[in-house]
Each structure stands twice: as C-alpha cells, then as structure tokens.
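The values are calculated or read from the model by the stated rules, or taken from the named source; none is laboratory data. These numbers come from a predicted model, not from an experiment. Positions of Cβ are backbone-derived with ideal geometry, glycine not excepted, and every protein chain shown enters the neighbour counts. Please note that ligands, DNA and RNA were not included when accessible areas were found on the heavy atoms of the full protein model with its side chains. Shrake-Rupley method; radii C 1.70, N 1.55, O 1.52, S 1.80 Å.
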Amino acid sequence: IFFRYMAPPVSLQEECLSLWHGYAFRSRSKEAQFWGQWQTHLVHACQLWCCCHLVIDGLFPLSQLGEVADVGLGFEFYKTFGPSLTLALTTLFMSFVPWCRRHILIVISVAVALMMFMAASLMHRHTRLWNNHAMQKDLCFVVEDIADNAKAMAQLQAFLLERTSFANLWRALCLRMLPGALLICFVGFHPYTLVVSLFAAVATFIILTLSPHIPLQVSFVGLASVVAVMACVLLCGSFWTRMKRQSFLLERSFEEALEGAVRASRQADSILNHTLKNTMADAASDIELFLEDGVVGEGHLRRAAASLWRGMRSCLNRQAYLHLVAGKYSVSLLSTNLAKFARELTTGRNVQVRVPDQAVCIDERLCHLILDNALSNAFKHGHCDNPDVQLAIELSQAATATSPDTMLLTATVTNVAHPARPTITPEFVTQVLEGEAPSSPTASAISDRIGLQHSFMAAKTAGAALSLTQTDGTVAFVMRLEAAASAAAPRESLAIEAAAAGFPPGLAIYCIDDSEAARRLLRHNLLAHAQTDRVRVFGENEGEVAEFTQAVLQHGDIAILDQHLEYGGDANILGSDIVADLQAQGYRGLVCMRSGNTADEDVALYQAAGAQCVFGKEVSMKRMIARMKVAYNEHCRRHATLVIEDIDSARSSGVEP
C-alpha cells in the first residue's frame, strides 16, 4: 500500500512484456532480481501446499476406515491415495534441494499438474468403490429385493452412479483441486501456470469422459467446474502478477533513488572534503608561520583568516554540489562583477590577477568551484618554490553568439610546472577524469585528483569548455564560457556606505549564541559599526534563553539568533522555536537568524517561524551589518504602512483608534 500510494508512478507497459509472457521484465537483470526475491515465497507456498495434501490424503482415509473395512474395500481404498501422498512427499523433499529451489516454478507447475491428474483419476476409482460400497452395505436389502428386476436394478445403479460421482466431483474440487488452484494463483500468471490450467481442464474432461463409472452429464459439469476455477485462477493471477511486479518496480525505484542520494551525498562530501582539505592546510600553514614570525608576520594571519572564510563559503555551497553530482542542479545566472568575484576567489593567495571591472551573467557557484579547484591544484602541483600562479579573465565577442550582448568569457589559470612531475598530456587528463591516472612517487600524499573531475562535472552543467595543457614549463587551465553582458553592479563599499547612512542610532540589539567566540564577535562588531551602545549578548547557559526572550519583548529593536543552541544532554534549543515564541507574543521588531545552516529548506524553516533576515556564518560581520541596516529600514517602512492601514480600517469602522 505504501509503495502504491507514496511512490512515483511506474509504467508496466514500458518495463514489462505482454500478458502472454507473464509480464516478464524487458531487463534480464530486473527479471532475475525479481525472481530472486520471489523465490523464497514460492518455496514456502509450495511447502505449505505439500503439507496440506499430506494432511488431507492422510486423515481422510482414516475417517472412512470403519465403513470401507466392513465390506472388504480397505486395502483397495487406501492404495488409491498412495500416488498423491508420494507426490506430496517428493515435492516437499525437492523444495529443500538447492537446484530445485532455484527452479521452484517448474517444480510447482509439474507437481500441481500431476496432482490435478491424480484428482481426476481418484474421481474415477472412488466412484466405482463408493458405488460398490453403497450396493453392499447401505442398500443391501434393496438390492436383494430387486435383484430379479433388471430395470429396477439398472435404475438404482444409474441413480447411485450419479450421486456418488457428483459427491466425488465436489470432494475432488474442494480437497484436491482447490489447494492447487490457490497455489497457482499465488504463483501468478506465467506461461507455466497457463499450461497447468489448460492441462487440468483437458485431463479432467478426458478422464471423466472415458470413465465407464461416471455419467456423461457429470463429466461436463466437472469440465465446466474446472474451467471456471482455472479461469478465476488465471484472472486473479494476472492481477496479482501485475501488482507484484509494480510493487517491485516501485520498491526498486525507491532503492535506486536512495542509492543515488547516498552516492550524490558522498560525492558532494568528497567535493567539500577536497576544498576544505586545501583551505584548512593553507590556513594552518599561515598560522604556523605567524606563530614563528610574531607581529612581523601579520600578513600570514590575514591570509589564514581569508582561507577560513573561503572554506566556510565552500560549506555553504555543499547543497549546490549535492544537486550537481545528482544531476539535478539548476543553473542560476546572476549579474556578477568579475573584479569582485576574482578578489573573493584569490583573497589569501599569492595570485597575480588580470580581470576587467565588468559585470556579466554567470552561475557564480559553478564558476567559483571550477576556478577554486584550478587555483588549488596550481599551488599544490605547481613548482614547489615559485609556482607563479596567475589568473586572467578576458571578454571577447563570441563567434557563435546569437545576441550582441553575448560575450565569450575566457578564464585562464597558469602556473610554473613542477620539474619532478610528468608532463601533462591529453592522455593523462583523460585517465584522471576516468579515475585511472597512475600514481607518482612525487605526487601529494593528500591528493586524490578529484578536483579536476569535479571541475569538468561543473563545467558540463554550466555549459563551459575546459582544457588543461602544458607547454614547456607552464601549465595552463582554461575555461571558456558564453556569458551575457550585464549592467555594472554597484561596488560593495558603496552599498555598505548607503546602508550605513540610513541606519538609526541607538537601537537596542540583542543577540543569542551558544558560542563564546561568536558572542564576542557580535558584540565587538555591532558596537563598532551599528552606531549603538545598546548591545547585549546572551547564550552562555540555558537559563539565559528566557532572559533573552524577555529582554527582546520589552526593549528589543533587533534580535539576532543562532539556530542550534546546544548546552549538552537534552538541553538543545532551536532558534526558530524562540522566533516563533516571540512572534506569538506580539514582537514586531526585526528578527535575524545567523546560522551555519542556510540551505533552502533551512531558510524556509526560519522564514516560516517569523524571521525576516537570514545570514550564514560565512558572511563577514561588516556585510551582515550592512544588509541588516537595509532590512531594518525596509521593515520599519513596511510596519509603518501596516499601522497606518490599521488606523484607517478602524476609523472606517467607526472605532476610535
């Protein structure tokens, strides 16, 4: 039921053959997997069917022991059940043999067909036996009285044959044919079950028709009964088969989707691991140099901070990477200033940059992934002493452009090759992309060469062309991408100044975060850049959550919350729950979420709770405060409009506001 109503629809017509092929899957692997799963159920059903016949053919003769023994028919009566008992025992034994279990469908088909044949034979033999039993015991005095009357004797025998044959017919249908029919129905529609059904009808009719002890009308009734039963079996079996195979396809689609999600998650994590591995190594190296050089090496500390910010931006892009490797990434073209883009990309790195101060429409995340991997590989695999890494971006008219605004963006990352490493050739690049590149004794111990693979994956999604070549001692990584020209984006500094100019002074800003470092950072930057001295931070312990809520409701203009407030044990509080509580108590100030989790579903959760702004922890404090100022002014204008509308509505209703 779950698979039928919760899973996406699947088409049996596309996946399966026709009814006459038993709805077999077109894919041999799927068919083998289906029967591999269904085989155990068939074996258990076959064993249950054998046990039923052992009970029926073993107990039924015992129930008739007294009646048949009185007229000397005991042995002849009992031996009629020998073949069916032997068949049931043999089939039960075969169900435990590995080869027979693998071909259980054939075993079931042959066993049921033979049992149907034996059931028809028992009708023939038992009709004669029970007719003789009635003549010798139940109607012995009647037989003596009419022994001299041939017509009366013939009429009595005809009457007894009809009655006993009908009784044996219904007994055979209920006790012997019905269990086999149910087993065939459980197996489902298959060419084998179709043959068994036809064989049962034909064999029953032939045996009953040729039997001298069964009237012709009983033979036709038996044929009609068997045909009706088998027709119902085939009809129900076809529906059952369709349902089984559809459920299998739905279950398989769920498994494939789950495996694809897990595989995509692992690959996305490998991208993140590859990026973080490089950024953390760079940051650790700069911090170590700073500790050795002291104040003189302050530049090392700044580069370490830049590396850490770059790593946090990579964490933010993980969801995009997940969609990328899953093949579900939707390209988002946004106006991007190339100079600003290159500055963020190379901050903390010793890179010579030649980039025009022009805006184009590109997918910034994909381009960031491609060029960040290129720069990381240039430093990691380039010359150990002087890699001389350079980044150049050029814009030219695209040769195949359909619009005059379409430009050809060419981004080139060059570095001096490592003298001890093999020359990069097209064959080597192909081997790297296929994961078959030979390892080199001088290769980095932490390099798994997935950066280049991820770059080509992102380029394919973005519609870009990549090349990696080496000429003499220079390695060149080139990305070519058609991009539409865009109006120049305002400089970030101007945006910050514009936002700062309209920020009201003296606002009460309250923050809550379980990290002491985050609390210090928030307090320092808000006091320095938010034009207010009314800044309070909370979150040192669980008790300060209630103090924060009360302070915000009484005096707060802006509330800044972390999503996950963890204090050990079960004392874990969600910022979104606090936001919902504030909104329920009528708080009308600006609510901002500052969290490390800013995926689409996380942002939707925060906004549903009532937050107006969402900032990732990878966003610098200056940029966060600038955006918060713009959001606060917009929030005040919207709130003032709502208040005016409420006053006008009250006056129109005749109520003094």
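Being touching a Cys at 6+ places or on another chain (Cβ under 9 Å) and of a type outside the set (S, T, N, Q) is the filter here, so list the residues in the range 321-344 that pass it. Show your work before the answer.
Start the filter on the range 321-344 by keeping residues that are touching a Cys at 6+ places or on another chain (Cβ under 9 Å), which leaves 333-336, 341.
Scanning the range 321-344 gives LEU333, LEU334, PHE341.
Could you tell me whether any residue of the range 70-82 is out of contact with any Leu (no Cβ under 9 Å at 6 or more places or on another chain), modelled with pLDDT of 90 or more and open to solvent by less than 70 Å² (accessible area, probe 1.4 Å)?
no
When the residues of the range 325-338 are filtered to those that are closer than 24 Å to VAL389 by Cα and modelled with pLDDT under 90, which remaining residue is farthest from the chain's Cα centre (by Cα)?
Step one: of the range 325-338, the residues closer than 24 Å to VAL389 by Cα are 336-338.
Filter once more, keeping what is modelled with pLDDT under 90: 336-337.
Working: THR336: 34, ASN337: 38 Å.
The residue in question is ASN337.
Scan (1) modelled with pLDDT under 80; (2) surrounded by fewer than 13 Cβ atoms within 10 Å (Cβ to Cβ) for the single condition HIS274 breaks and write down its number.
(2)
Residues in the range 214-225: is at least one of a type in the set (Val, Ile, Thr) and either at pLDDT 80 or above or touching a strand residue (DSSP E or B) at 6+ places or on another chain (Cβ under 7 Å) (or both)?
The answer is yes; a qualifying residue exists.
Among residues belonging to the range 401-427 that are over 30 Å from GLN358 (Cβ atoms) and surrounded by 15 or more Cβ atoms within 10 Å (Cβ to Cβ), point out the one that is modelled with the lowest pLDDT.
Checking each candidate, the answer is ARG421.
Given the structure, is GLU251 acidic (Asp, Glu), modelled with pLDDT of 80 or more and more than 24 Å from ILE370 (Cβ to Cβ)?
Here the answer is yes, as GLU251 does meet what is asked.
Yes or no, residue by residue, for (1) assigned to a helix (DSSP H, G or I); (2) more than 28 Å from ALA45 (Cβ to Cβ); (3) open to solvent by less than 40 Å² (accessible area, probe 1.4 Å); (4) at pLDDT 85 or above:
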{"position": "MET177", "(1), (2), (3), (4)": "yes, no, yes, no"}
{"position": "PHE186", "(1), (2), (3), (4)": "yes, no, no, yes"}
{"position": "VAL202", "(1), (2), (3), (4)": "yes, no, no, yes"}
{"position": "THR209", "(1), (2), (3), (4)": "yes, yes, no, no"}
{"position": "GLN246", "(1), (2), (3), (4)": "yes, no, no, no"}
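In the list ALA483, ALA459, ALA489, which residue meets the criterion of being modelled with pLDDT under 90, out of contact with any Cys (no Cβ under 9 Å at 6 or more places or on another chain), under 30 Å from SER330 (Cβ atoms) and not in a helix (DSSP H, G or I)?
Going through ALA483, ALA459, ALA489 in turn, just one is modelled with pLDDT under 90, out of contact with any Cys (no Cβ under 9 Å at 6 or more places or on another chain), under 30 Å from SER330 (Cβ atoms) and not in a helix (DSSP H, G or I): ALA489.
Would you kindly identify the strands (runs of 3 or more DSSP E) lying entirely within the range 305-378 that contain at least 2 residues that are open to solvent by less than 40 Å² (accessible area, probe 1.4 Å)?
Values: elements: 334-337, 352-354, 359-362.
Those strands (runs of 3 or more DSSP E) span 334-337, 359-362.
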